[in-house]
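The values are calculated or read from the model by the stated rules, or taken from the named source; none is laboratory data. Remember, predicted model here, so these are calculated numbers, not experimental data. Don't worry about glycine lacking a Cβ; one is built from the backbone with ideal geometry, like all the others, and counts go over all protein chains shown.
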Amino acid sequence: MNRGIWPLFLVILVAGAVAQVFLPWWSVAVVAFAAALWLGTHGGWAFLAGFEGVGFVWFALAAWLNVQNQGLLSHRVAQLLPLGGNGWALVVVTAILGGLVGGLAALAGCWVRQAVSPKPVAQPVS
Amino acid sequence: MIKWIKAVLALAISGALTWVLNTKQGDVPPFGKFLSPFEGFWQNGEATDAFPAQQNLTLPGLQAPVQVRFDDRRVPHVFAQNDHDLYFAQGYLTARDRLWQMDFVTHVAAGRLAEIVGPSRLETDRFFRRMGMVYGAQKSLDMVMANPVTHNVLQSYSDGINAYISSLSAKEYPFEYKLLNYAPERWEPLKCALLLKYMAFDLSGRSDDLRMSNALNKYGPAVVKDLFPDYPQREDPIVPVGTPLDFKPLPAPPTPPSFQAAMSEKVPAREPDPELGSNNFAVSGEKSASGFPILANDPHLQLNLPSIWYQIQLTAPGVNVYGVTIPGAPTVIIGFNQQVAWGVTNVAADVMDWYQIKFRDHTRREYWHDGRWKPIRRVVERIKVRGQPDRLDTVLYTHHGPIVYDRDEKPFLSETPIRHAMRWTAHDAANEVLAFYLLNRASNYQDYTAALANYGSPAQNFIFADNQKDITIWPNGKFPLKWRDQGKFILDGTDPAYDWQGWIPQVQNPHVKNPARGFVSSANQSSTGPDYPYYLNWTFGSYERGHRINERLARMTRATPDSLRVLQNDNLNLNAQLMLPRMLALLDSQPQNVAKRGARQQVRTEMHRWKYFYEANAIGPSIFELWYSNLVRRIWEDDFSKKGTGIELRWPGRDRTNTLILQEPDSKWIDDRRTPAKETLPDLVRLSFEFAADSLQRKFGEFGPKWRWANQKSTDILHLAQLPGFGRMDLDVGGGAGIVNATSERNGPSWRMVVALGPQVQAYGVYPGGQSGNPGSPFYDNMIETWRVGQLYPLVFLHNATEQNKRVQATWTLNK
């Protein structure tokens, strides 16, 4: 990962997680958008930071809850969806879905920033 | 410019994706919301060790602290200091485990399913509204709320449910709310009434009046009397024939001359309907090892998850009762206390009739009755439909009841006649809550009869035993006082002689106490023999289960709870015992036929060997069920199916069909009118045998262990909303319809209970599910295995809030 995306990744990860504890799930999209508006430099990196920032949190929490529950509920939901009853596949699907929401919101934030202030931003030396 | 386009595009895509994932699309849940581990379904996964052993909960609305102790099956044992707190806690705890289930069922009953699910359930909603479910529930509710005792029970219970609902945040909503994307609403006492009406619909909400009238029109009274007799040839009634009456009966209303004229020919005998049934039985102290009575009950209902029943112990001054409740209804429905035990099975009395209505004109504002035009009441039903504008539907009411369908349309249930008003006991007010309230507190026979006097609908066979060694059974409920065969067919809605004209006095309902034979029992068969002075119905549940139970109870001596448990699991099918020898004889009577060749010979040999037991591994039941049912179809299909005749007709019942096969091989009904050839009974027996063997061969391959009964039957316990993955499929169990162990494809013993009375009551029970309604809980289906193998759990009955019991590990305190 490019070092330049670390701040954005961490802000989305932490602020996003905190927001979701108190606000509806979609608040994470607002956080990712705002964070990239503030810190986004490059569209691809912003997407990646958003995708991984949200995806990681969703993966970690879903995985933890899944282990706590011994996979009981995920196994049922994975038959309903259908994922052949594979609960861990559902954890991955969850992470990817959260990642997409975070990534696209961050991408939008970054591109809006670039449209509003087209001047190149001082970038940390890599 | 390009940057702006990119920015707007990304923003739009990101926004649209987020919006879509937050919105329900048709049947698809809002995936973002649903999968989010912060608020979606992941939150519903119960950690296996998450249940606190000690907890203090503050519940505003309580009057005093309530102790709740949970046993290892997670059954709450509630110790309250007054009735208010007792039922408040019952409401709270039931909602905690079963909120979605109880709410969902009341939506169905109220005709409010489309509101949750969408337009696909609009017809269901219209049907339940047109059946007058809310109308009946409101009438019952008014009566319950007029009584201060039951007002307190219902209000406290509802308040308890609401205390739970208001404690929930969105991420704590039960799983199904998240999947269907809606939120729990406030619980009103009306919902409790709706729930009982839904049970009434389930147990007494269907009628064959239209099909019988069609049969009468098509074939005339002589054929109807022959094929649909008023009493079966083979029967073993609940109240034994010859039980002396302890009352002087009222005269029945006179049979209208017009009906007599329509039915003028000879005299009658009866028939069945399997599936939804139940067993209960009790042996007296003389028959038990302990010298005290033992009682058993297993109500057969559709097998669902979350379970139909919820176990609870309710203790407060004046009451200490254990048993099962229906989530959404207060008190214990089937259970026991230290002195008494009781159970119920359905009475198939005819409590729903249809009246042909003569409208004055096409405006349908008046109808002809008793020599004059009477006004029709119009009730507008507003049905909410998810994602669509509300629909309005006008339902017409006469003094009989609602005109379920007032114009030509395809009825939701094909047996519903159009332009007919319905008369149904579920529309009459009765205080069933009071009946159960008093039963929960009963300590002897007098208390039990006093409780029963309040009960209306759905009529049930209330079996009872107490530690003063009384055993008794009352087929009980509100029974209209009818002339013979009133309501067997569609009734004339213009003539008051056809109206219901009163009720059988409750004390004159059928009953028997401490009979000489030393036991009482019921399995939905005829309540009484023909010697009972009133007309209840011409058709009841089939006699086989009841007869088998009586046969075994008659032989039983020194019975223990285990003797009754074993009887609950009895797999002998009396229908097979009666019919198979005859069917094999007819098959063998044909000298040269395909049945004697090769693989078919194996099948025949197997059937000769089989002893009529429906064990999971047996092959006989797979063959017999297909063989017998196909034989019945071949006999009647040409004369009674809609395909063969173009109209809805009731088919002759099992008892009558069996008599035909056993004794009337030359009956005109045997020939298939649709073919030029003349079929004989041996022909039909051979063809149906071939059909059965072919079907099994196609499904499972060559004759062998794969043909076993459990495979062919495939008992499934489905989730209430039929979600794939949320039920338990293909259970390896024996039994079947018409068998004491009535575990069929979708129905079965929904609660098995055995209670041994005595100085210390001992009880055993199990149901196919678990206490929790949460599919993410290990307690969602943990009792299924015990149920499947026919075992029971000893039930934990605590005498006080501090009693030590090693199976009780958690204690919660609910504070005000």
ask   = assigned to a strand (DSSP E or B), polar (S, T, N, Q), modelled with pLDDT under 95 and more than 30 Å from residue B:24 (Cα to Cα): does that describe residue B:416?
value = no
query = Which members of the range B:38-67 meet the condition of being more than 7 Å from chain A (Cβ to nearest Cβ) and closer than 12 Å to residue B:778 by Cα?
reply = B:49, B:50, B:51
task = Specify the residue that is farthest from the other protein chains (Cβ to nearest Cβ); the eligible residues are those in the range B:165-202 that are touching a residue at least 40 places away in the same chain (Cβ under 8 Å) and of a type in the set (Asp, Glu).
result = B:202
message = Quick check on my filter: what residues within the range B:289-330 are farther than 26 Å from residue B:800 by Cβ and outside any strand (DSSP E or B)?
response = B:289, B:291, B:303, B:306, B:307, B:308, B:326, B:327, B:328, B:329
query = residue B:765: surrounded by 23 or more Cβ atoms within 10 Å (Cβ to Cβ), of a type outside the set (Lys, Arg) and in contact with a strand residue (DSSP E or B) (Cβ under 9 Å, 6 or more places away or on another chain), yes or no?
reply = yes
Scan of the range B:143-154 for residues that are surrounded by 23 or more Cβ atoms within 10 Å (Cβ to Cβ) and of a type outside the set (Val, Ile, Thr), ordered by number = B:154
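Residues checked against (1) in contact with a Lys or Arg (Cβ under 9 Å, 6 or more places away or on another chain); (2) buried (at least 18 other Cβ atoms within 10 Å of the Cβ):
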site: B:459; (1), (2): yes, yes
site: B:467; (1), (2): no, yes
site: B:475; (1), (2): no, yes
site: B:482; (1), (2): no, yes
site: B:491; (1), (2): yes, yes
site: B:504; (1), (2): yes, yes
site: B:507; (1), (2): no, no
site: B:510; (1), (2): no, yes
key: Tabulated pairs, the range B:38-54, first over 27 Å from residue B:180 (Cα atoms), second modelled with pLDDT under 90, C-beta under 7 angstrom, 6+ apart or interchain   = B:53/B:809
The range A:1-42: number of residues that are touching a residue at least 60 places away in the same chain (Cβ under 8 Å), farther than 17 Å from residue A:112 by Cα and among the small types (Gly, Ala, Ser) = 2
message = Suppose we filter B:160, B:205 for residues that are at pLDDT below 90, away from chain A (no Cβ under 14 Å) and under 30 Å from residue B:95 (Cβ atoms); which single one remains?
response = B:205
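Return yes when residue B:702 is assigned to a loop (DSSP other than H, G, I, E, B) and charged (D, E, K, R) and no when it is not.
Yes: the conditions hold for residue B:702.
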request  = Considering every residue within the range B:768-781, establish whether at least one is in contact with a Leu (Cβ under 8 Å, 6 or more places away or on another chain) and away from every other protein chain (no Cβ under 14 Å).
outcome  = yes
ask   = Taking residue B:438, is it aliphatic (A, V, I, L, M) and under 30 Å from residue B:488 (Cβ atoms)?
value = no
ask   = Considering only the range B:770-815, how many residues are within 18 Å of residue B:95 (Cα to Cα) and part of a loop (DSSP other than H, G, I, E, B)?
value = 12
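Matching residues to (1) assigned to a helix (DSSP H, G or I); (2) polar (S, T, N, Q); (3) surrounded by fewer than 24 Cβ atoms within 10 Å (Cβ to Cβ):
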site: B:156; (1), (2), (3): yes, yes, no
site: B:159; (1), (2), (3): yes, no, yes
site: B:165; (1), (2), (3): yes, no, yes
site: B:168; (1), (2), (3): no, no, yes
site: B:177; (1), (2), (3): yes, no, yes
site: B:185; (1), (2), (3): no, no, yes
site: B:190; (1), (2), (3): yes, no, yes
site: B:195; (1), (2), (3): yes, no, yes
site: B:200; (1), (2), (3): yes, no, no
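Which residue out of B:469, B:478, B:482 is at positive phi and either of a type in the set (D, E, K, R) or within 25 Å of the chain's Cα centre (by Cα) (or both)?
B:469
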ask   = Residues that are surrounded by 13 or more Cβ atoms within 10 Å (Cβ to Cβ) and in contact with a Leu (Cβ under 6 Å, 6 or more places away or on another chain): which strands (runs of 3 or more DSSP E) entirely in the range B:1-80 hold 2 or more of them?
value = B:76-79
remark   = Selection over the range B:520-544 where residues are buried (at least 24 other Cβ atoms within 10 Å of the Cβ), in contact with a helix residue (DSSP H, G or I) (Cβ under 8 Å, 6 or more places away or on another chain) and not acidic (Asp, Glu) yields a count of 7
query = Taking the range B:1-37 as the region of interest, how many residues are within 9 Å of another protein chain (Cβ to nearest Cβ), free of Cβ contacts under 8 Å to residues at least 40 places away in the same chain and within 22 Å of residue A:19 (Cβ to Cβ)?
reply = 15
task = Take the range B:92-115 and flag every residue that is more than 23 Å from the chain's Cα centre (by Cα) and either in a strand (DSSP E or B) or not charged (D, E, K, R) (or both).
result = B:92, B:93, B:114
task = Please work out which one of (1) under 24 Å from residue B:719 (Cα atoms); (2) surrounded by 18 or more Cβ atoms within 10 Å (Cβ to Cβ) is the condition residue A:86 fails and give its number.
result = (2)
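Yes/no matrix, rows are residues, columns are (1) in contact (Cβ under 8 Å) with a residue 60 or more places away in the chain; (2) surrounded by fewer than 20 Cβ atoms within 10 Å (Cβ to Cβ):
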site	(1), (2)
B:734	yes, no
B:773	yes, no
B:788	no, yes
B:801	yes, yes
B:807	yes, yes
Where residue B:236 falls short, out of the listed (1) part of a loop (DSSP other than H, G, I, E, B); (2) buried (at least 21 other Cβ atoms within 10 Å of the Cβ); (3) modelled with pLDDT under 90 = (3)
Some residue of the range B:649-661 being under 23 Å from residue B:598 (Cβ atoms) and modelled with pLDDT of 90 or more = no
